[in-house]
1. Looking at this structure, is E223 modelled with pLDDT under 95 and of a type in the set (D, E)?
2. When both residues are 6+ apart or on different chains and their Cβ atoms are under 7 Å apart, which pairs have a first residue that lies in segment 48-69 and is within 21 Å of K36 (Cβ to Cβ), and a second that is aromatic (F, W, Y)?
3. Looking at the structure I just gave you, is T356 of a type in the set (S, T, Y) and surrounded by 24 or more Cβ atoms within 10 Å (Cβ to Cβ)?
4. Give the number of residues within segment 137-178 that are in contact with a His (Cβ under 7 Å, 6 or more places away or on another chain) and not aromatic (F, W, Y).
5. Among residues belonging to segment 109-153 that are touching a Ser or Thr at 6+ places or on another chain (Cβ under 7 Å), in a strand (DSSP E or B) and not polar (S, T, N, Q), point out the one that is surrounded by the fewest Cβ atoms within 10 Å (Cβ to Cβ).
6. Filter the strands (runs of 3 or more DSSP E) completely within segment 1-60 down to those with at least 3 residues that are open to solvent by 30 Å² or more (accessible area, probe 1.4 Å).
7. Could you count how many residues in segment 208-218 are over 18 Å from the mean Cα position of the chain (by Cα) and either under 21 Å from A238 (Cβ atoms) or open to solvent by less than 20 Å² (accessible area, probe 1.4 Å) (or both)?
8. Any idea how many residues of segment 223-237 are open to solvent by less than 40 Å² (accessible area, probe 1.4 Å), without any contact (Cβ under 8 Å) to a residue 60 or more places away in the chain and either within 20 Å of the chain's Cα centre (by Cα) or more than 16 Å from D283 (Cβ to Cβ) (or both)?
Amino acid sequence: MYVRQLEVTDFRSWEHAELELEPGVAVLIGANGQGKTNLIEALSYLSTLGSHRVSTDAPLVRHGAQRAIVRTAVVHAGRELTVELEISPGRANRARLNRSPVPRPREVLGVLRSVLFAPEDLALVRGDPAQRRRFLDDLLVLRAPRLAGVQADYDKVLRQRVALLKSAGAARRSGGGAADLRTLDVWDGHLARHGAELLGARLDLLVELAPYVRAAYRAVAPESATAELEYRSSLGDALPAAAQDTGKADVDLLEVAMLAQLAHVRAAEVERGVCLVGPHRDDLELSLGGLPGKGYASHGESWSFALALRLGSYQLLRCDGAEPVLLLDDVFAELDTRRRARLAEVALAAEQVVVTAAVPADVPEELRGIRFDIYGGEVRRVR
């Protein structure tokens, strides 16, 4: 799989930019603030319908514009598909596939599969659980785009249930009598059903991903302790043992367990006005030699773990049969010689890799492919 063309209009700092790409290595060189990362971000957005830098779409639209457009031509197995996304903050985004509108933007998920490694990835190790949950969910959607619908359904139910819990708690605290919580039983059922499917998919993913991450970590940090990944569910001890470490989680069993746990914590949920059970409360625990990566890993170990997570994801996607595009955003300057060499080795084997750097010296010599200079709002290919 490779991107033949990328075009953006009113995306971030770009009024308009267009790149003609090829299989192999493409290097985007530009000083900080010139917009090279914005182009990488546009490619990644087409893969996941989300930004690795911000949580909302508003910052993606150039100041003064009403919408942003990202368009790309992707070639896979000899077939070319054109994807276009129209990003409109405050309104529903729209998408086209081969110039034909699709009912929902998520219909284009899977056309472009990419793995992005960026400085922000340090938060996968040092940040809060939301960063790691998103890492898992983005990878899930890349492998099985239908799960984007499961995530959307779960988020919708969660918002409705939290609103009901807050209103019930407020009624109790105001002395207005006991709130009618019969509706909560209905939302419990919806939350458990969608939550069990999402939880099961995450557990299955981790069984497949963990060996690739461990191997990648050994390659980039052979002197360090063993890297381990463990899923921490809000179900705690109520998480069925049969749902773990098998690669085939029993969704029905998870649904029953989630319903039971929701009933168990209902009083606390009403009191606090929050939903205490579900995938939105879970975490992916990263450890080195039995110690949590967060708080114990050194700066170098944290970089190694973040890199291993991305390289492991890349290898897993390759094994699925559609090699992803590898996006490396300004990361070589952050890595020592060994990590640079390992990343360059993987990149050389990729069908397509797009690299950004502030100066040419930051890019390993073996990755000097076609080059684009980014300066003053222009993209210029260097012959």
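The values are calculated or read from the model by the stated rules, or taken from the named source; none is laboratory data. Keep in mind that what you see is a predicted model, and the values were worked out from it rather than measured. Heads up, the Cβs are rebuilt from the backbone with ideal geometry, glycines too, and the neighbour counts pull from every protein chain shown. The protein model used for the area step is the full one, side chains on, heavy atoms only, and it has no ligands, DNA or RNA in it. Shrake-Rupley method; radii C 1.70, N 1.55, O 1.52, S 1.80 Å.
1. Values: modelled with pLDDT under 95: yes; of a type in the set (D, E): yes.
In short, yes.
2. S51/Y45; L60/F11; R62/F11; R62/W14; A68/F11
3. Working: of a type in the set (S, T, Y): yes; surrounded by 24 or more Cβ atoms within 10 Å (Cβ to Cβ): yes.
In short, yes.
4. As a first pass, look at segment 137-178 and keep what is in contact with a His (Cβ under 7 Å, 6 or more places away or on another chain): 150, 153-154, 157-158.
Retained after the next criterion (residues that are not aromatic (F, W, Y)): 150, 153, 157-158.
So the answer is 4.
5. Step one: list which residues in segment 109-153 are touching a Ser or Thr at 6+ places or on another chain (Cβ under 7 Å), which gives 112-116, 122, 125-126, 138-139, 141-142.
Keeping just the survivors that are in a strand (DSSP E or B) gives 114-116.
So of that shortlist, the ones also not polar (S, T, N, Q) come out as 115-116.
Values: V115: 27, L116: 25.
The selected residue is L116.
6. Values: elements: 2-11, 14-20, 24-29.
Result: 2-11, 14-20.
7. From segment 208-218, those over 18 Å from the mean Cα position of the chain (by Cα) are 211, 214-218; that's our starting set.
Next, from what is left, pick out any that are either under 21 Å from A238 (Cβ atoms) or open to solvent by less than 20 Å² (accessible area, probe 1.4 Å) (or both): 216-217.
Residues flagged as over 18 Å from the mean Cα position of the chain (by Cα) and either under 21 Å from A238 (Cβ atoms) or open to solvent by less than 20 Å² (accessible area, probe 1.4 Å) (or both) within segment 208-218 amount to 2.
8. 3
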